[in-house]
Each structure stands twice: as structure tokens, then as C-alpha cells.
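Each remark here refers to the structure printed beneath this line.
The values are calculated or read from the model by the stated rules, or taken from the named source; none is laboratory data. The model shown is predicted, which means the values in this text are computed figures rather than measured ones. Counting neighbours? That spans all protein chains shown, and the Cβs are built from the backbone with ideal geometry, glycine included. With ligands, DNA and RNA removed, areas are computed over all heavy atoms of the protein, side chains included. Shrake-Rupley method; radii C 1.70, N 1.55, O 1.52, S 1.80 Å.
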Amino acid sequence: MTEDMLLGTCQSDQDGKISSGACPAGAGRPLKIDRSSRRVDSDCSEPVVAHRYFYGMELDLEHRKLLDEHLTATSLPPRHVIHTVGTLVDANDIVVSFTEYDSTEPTKWRVFALTPTAIVHTEIQYDTDNYDREEESSPWRRTNRPAMTINAAWTRPIRTITGLHLTQVGDLVRTDLGRPWFRTASHIAFADHSTMTLPNEEHLYCDDVRRRATDFVKTLRSLIA
């Protein structure tokens, strides 16, 4: 398999352990985890190669703290998000990152991260609203976890990116929370003709959050120039 295959589609082995694997771009579909049996529903049409166990992999305290710093949005992400990203990339290699948190049901956590040579993207959703680290750690949630779906979890070499495309520039948005800004929509294209939508600026009302999204795009632009 080539190194630009997508990483992070999952399957369970005979012991029910959840492992990350690789399917060629476009193969497979979002994965549904059944917590009652700890099995993962996957229909990759190509062989899946297990790299590391999500639930068997340990991240030391230093790496967990560093990932928390990189991946915090308006709140801390659930631990699944931290361990998924930590499986795909060493936290020390991350140059810049941005995290989208959509708290409406289903809760979605989208992560974009760059190293000097790779781009990492994950999207994990939970079948409930407002699911963040605080909610995950609540006493009731410890025994009542929501269903989780991995919509995306992969890393690719920067050299496989063929273009950065701006598809929309909206009206000027004014808010009491920060400076006005133009809503834009953009995506990147890869050598295999697949695309990935970049951070959505529709709801970036706070200056600090919007600055992180801008820093991500600026760094990406410099890496592929």
C-alpha cells in the first residue's frame, strides 16, 4: 500500500479490541461502535491493516497535556478525540492545529493538524448534544456513554496536496464578540482527486478561535506553496 492511503478506519479483532487500520482513499464508510459488544461495523472493500490499538495505546501525561493544548476548542474534547489524534501523529510534531466543535446533536469534533510533512484530519461524532470532556467525565456518563461514530481519521503526506481552493467569500459579519470578518469557504484537493473542506468560518465569532483557523490556513498555504 502507498503511504498516502487513509489511516484510521477501524475494525475489531477476534478479542473485540478496536484497532486503527488503512483503507485506500474512498473505501469504507463511517464506522459505528457498538459499546455493548465493543465491535466496530466496517465494510472496507480492501484489506484492513491494523497499525495500533486505539484502546490499547497509552499516551503519557506529557503528550496528553500537549494534545489538550492543540485540540481545545471552546471546551476540551472527549478523550476519544485525544487518543485518535495521538494515534495518528506525535503531539510534538504538530506545527499548527484547529478544532471545530459543533455541540448540537449529534455532537461533532473535527480536528485539523499539520506537521512539517503531513496533514492530519479526524471527525468524531456522538449521538447526543454538548458532549465534551466535562460531560464525558460526569458520573452519569461514566455508565451511559453515547454511541460514537468515526467519520474520518487519517493522515497524508503534504506532498499529495495538489491545490488550495477558495470557493466562497460571504458578506462581512459584525459581532459584539470581536472584529468583523468575511465568511469564506475553502477546500484542498489531493492527487487522487479527493477533497477535504477546511475549517468552516460560519460560526467563528470569537477573535481567538478565528485566529487559530487563520493560522492553520496560512501554515497550510506555506507548506504547499
If S45 passes every condition in (1) at pLDDT 80 or above; (2) polar (S, T, N, Q); (3) surrounded by fewer than 16 Cβ atoms within 10 Å (Cβ to Cβ) but one, which one does it miss? (1)
Condition met for P116 (touching a residue at least 24 places away in the same chain (Cβ under 8 Å), open to solvent by 40 Å² or more (accessible area, probe 1.4 Å) and in a loop (DSSP other than H, G, I, E, B)): yes
Only unsatisfied item for W154, checking (1) of a type in the set (F, W, Y); (2) in a loop (DSSP other than H, G, I, E, B); (3) open to solvent by less than 60 Å² (accessible area, probe 1.4 Å), is (2)
Matching residues, the range 73-92, being outside any helix (DSSP H, G or I) and open to solvent by 40 Å² or more (accessible area, probe 1.4 Å): T74, L76, D90
